[in-house]
Amino acid sequence: MTQLELFDKQTDMDYAMSFTREQLGGLRDIDYRAYLWVKHIRDAVHTYRSIEARAKLDLERKLNYI
């Protein structure tokens, strides 16, 4: 038997990255713990994307020397 899903599957990362700057400010005022949770996830995603972009540039640069 298959259970029907009422909502789309959304990861914590997708949820955290969907906030706008204004929504984050509102969340900070309403629930500071939730704000910190979203902020930590967003910071981790930004760090990962930055490291990934840098690694791609380094790889391209090294491949150009071959």
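Rounded to the nearest 10 degrees, the inclination of helix 32-64 to the longest alpha-carbon principal axis of the chain is 20 degrees. With protein chains left intact and a 1.4 Å probe, residues in the chain average 96 Å² of accessible area per residue. Label-to-label distance for Asp58 and Ala34 is 3.9 nm, based on points extended 7 Å past Cα in the beta-carbon direction.
With a 10 Å radius around each residue's Cβ, average the other Cβ atoms per peptide and rank 20-28, 48-56, 36-44, highest first. Intermediate values should be presented prior to the final figure.
Numbers: 20-28: 11.7, 48-56: 10.1, 36-44: 14.4.
Answer by packing, highest mean first, reads 36-44, 20-28, 48-56.
Roll a 1.4 angstrom probe over the protein heavy atoms and tell me the percent of accessible area of the chain that is carbon or sulfur. Here carbon and sulfur together make up 56 percent of the probe-accessible area. Computed over the chain, the range of Cα coordinates on each principal axis works out to 52, 43, 16 Å, biggest value leading.
The values are calculated or read from the model by the stated rules, or taken from the named source; none is laboratory data. Predicted, not measured: the structure shown is a model, and the values here were computed from it. As a convention, Cβ positions derive from the backbone with ideal geometry for all residues, glycine included, and neighbour counts pool all protein chains shown. The area values use the complete protein model at the heavy-atom level, side chains included, leaving out ligands, DNA and RNA. Shrake-Rupley method; radii C 1.70, N 1.55, O 1.52, S 1.80 Å.
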